[in-house]
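Okay, so here's the structure we're looking at.
The values are calculated or read from the model by the stated rules, or taken from the named source; none is laboratory data. What you are looking at is a predicted structure, and each value in this text was computed from that prediction instead of being measured. Note that each Cβ is placed from the backbone with ideal geometry, even for glycine, and that neighbours are counted across all protein chains shown. The protein model used for the area step is the full one, side chains on, heavy atoms only, and it has no ligands, DNA or RNA in it. Shrake-Rupley method; radii C 1.70, N 1.55, O 1.52, S 1.80 Å.
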Amino acid sequence: MPALRPLTLGPYQVWPPVVLAPMAGITNVGFRRLCREQGGGIYVCEMITTRALVERNPKTLRMITFGDDEKPRSLQLYGTDPEITAAAVRIVVERNLADHIDLNFGCPVPKVTRRGGGAALPWRRRLFARLVRAAVDAASPAGVPVTVKMRKGIDDDHLTYVEAGLAAQEAGVAAVALHGRTAAQRYSGTADWDAIATLKQALDVPVLGNGDIWEADDALRMVAHTGVDGVVVGRGCLGRPWLFADLEAAFNGRPERRLPSLGEVAVTMRRHAELLVDQFVAGARNPARGERDGCTDFRKHVAWYLKGFPVGGELRRSLAMIESLAQLDDLLGKLDPSEPFPVTALGQPRGRTNSPGKVSLPDGWLASRDDDTVPEGAEMDDSGG
Ligand SMILES: Cc1cc2nc3c(=O)[nH]c(=O)nc-3n(C[C@H](O)[C@H](O)[C@H](O)COP(=O)(O)O)c2cc1C
């Protein structure tokens with residue numbers, strides 16, 4: 001087992017070396033607070049597109065909200081154009097919107113890769129290097145560290161992670177995170193931790209490992225297997241924010257792990273919904289609408305919280321349709337609080353587990369690695385998609 005040390009991210013020392021993965025539609029300010037209440041680490045905001053930021057899109061600007069006590073404030077940007085990315089980073093720096101910027105090169109969604117963005121982009125190695133350098137150059141005068149998050153490559157025949165990791169290091173990033181899947185795998189199969197170990201061997205900057213950490217002990221196993229400097233946890237914490245308490249315990253060498261009863265899960269669900277309502281009320285012109293929007297945002301989390309618990313279909317459905325906190329309280333009151341945590345749900349995948357597929361790419365993309373033309377239409381103008 002390598003020595004467990006705090007993760008160094010530019011000027012920040014992070015203990016435990018745990019990162020909440022950016023997840024669009026999930027890791028908003030309310031969810032991040034819920035997770036931060038459990039343990040230490042870095043908690044990354046939902047993805048923000050550089051174009052939307054540069055255009056001062058009001059919804060995007062609202063998404064860049066951090067708690068007073070969030071340090072470092074971590075923001076993920078998606079961009080494909082070095083100039084727009086640099087402009088977006090300058091806005092972040094000048095307006096003091098965040099303390100850390102992560103760049104997204106992992107998105108496998110067809111609407112993104114079809115235009116050469118996300119996980120397709122590192123294949124165009126000169127464009128990738130230019131883009132990362134543009135972000136680092138714009139952020140470094142303010143001492144804001146930039147990291148990249150990427151996949152192994154487009155598919156098994158078009159791997160890019162070692163070359164891209166070296167290029168990002170050369171461009172001056174503070175760390176590189178690798179999700180051990182190709183874009184073609186999407187969320188299927190298992191993450192390749194050997195690839196994460198290979199990247200760790202190849203780089204001098206800190207490497208963060210990502211993929212299939214379902215339990216705190218998986219994080220320790222990943223560190224032991226790969227030697228990474230930190231772990232990035234995504235789907236494992238869906239409906240289980242207490243995973244961050246387990247991770248902190250695990251990295252501190254303590255054996256305890258949380259197995260909340262259904263009553264304790266209900267308290268966490270209520271807290272989560274309340275934080276989302278607070279967030280939406282703060283951003284809304286009409287507070288009543290804020291409560292409804294917060295409750296609507298909470299609905300997607302219900303099935304994750306209840307996974308494995310014996311709760312009837314009708315009650316589940318009603319919980320997934322709530323419009324107010326009063327309605328939520330009423331329905332949560334119908335759960336049996338003494339129901340023990342379903343240990344069969346431990347160590348199991350949750351959230352997206354879709355099947356592999358061919359990656360949609362722009363015409364001629366694979367044939368021209370050194371073309372650094374900015375791809376047409378790949379700068380999305382809506383955030384969090
Ligand atoms: C709902 C959802 C939304 C996601 N959104 C983003 C995103 O905006 N940016 C990003 O880099 N990765 C995104 N991801 C990928 C995760 O950050 C992470 O890399 C992936 O889920 C693998 O980690 P895991 O096995 O711990 O879930 C998303 C994943 C999910 C499930």
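Values as computed for the structure displayed
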item	result
Test result for Ile84, within 16 Å of the ligand (Cβ to nearest atom), open to solvent by less than 50 Å² (accessible area, probe 1.4 Å), not in a loop (DSSP other than H, G, I, E, B) and not aromatic (Phe, Trp, Tyr)	no
Members of region 155-172 that are within 16 Å of the ligand (Cβ to nearest atom) and open to solvent by less than 10 Å² (accessible area, probe 1.4 Å)	Thr160, Ala164, Gly165, Ala168
Exclusive hit being in contact with a helix residue (DSSP H, G or I) (Cβ under 9 Å, 6 or more places away or on another chain), farther than 15 Å from His179 by Cα and assigned to a loop (DSSP other than H, G, I, E, B), set Glu256, Glu248, Glu274	Glu256
Filter pass, Leu61 being farther than 26 Å from Trp304 by Cβ, more than 14 Å from the ligand (Cβ to nearest atom), modelled with pLDDT of 95 or more and out of contact with any Ser or Thr (no Cβ under 8 Å at 6 or more places or on another chain)	no
Filter result (away from the ligand (no atom under 13 Å from the Cβ), of a type in the set (Val, Ile, Thr) and open to solvent by 10 Å² or more (accessible area, probe 1.4 Å)) within region 187-225	Thr198, Val205
Positions within region 16-27 being assigned to a loop (DSSP other than H, G, I, E, B) and open to solvent by 10 Å² or more (accessible area, probe 1.4 Å), in sequence order	Pro22, Met23, Ala24, Gly25, Ile26
Residue list for region 226-240, filter: in a strand (DSSP E or B) and either basic (Lys, Arg) or within 10 Å of the ligand (Cβ to nearest atom) (or both)	Val231, Val232, Val233
Hits in region 94-142 (condition: in a helix (DSSP H, G or I), more than 16 Å from the ligand (Cβ to nearest atom) and open to solvent by less than 60 Å² (accessible area, probe 1.4 Å))	Trp123, Leu127, Ala129, Ala134, Val136, Ala138, Ala139, Ala142
Sole residue being aliphatic (A, V, I, L, M), over 20 Å from Thr27 (Cα atoms) and at pLDDT 95 or above, chosen from Leu199, Leu238, Leu243, Leu208	Leu199
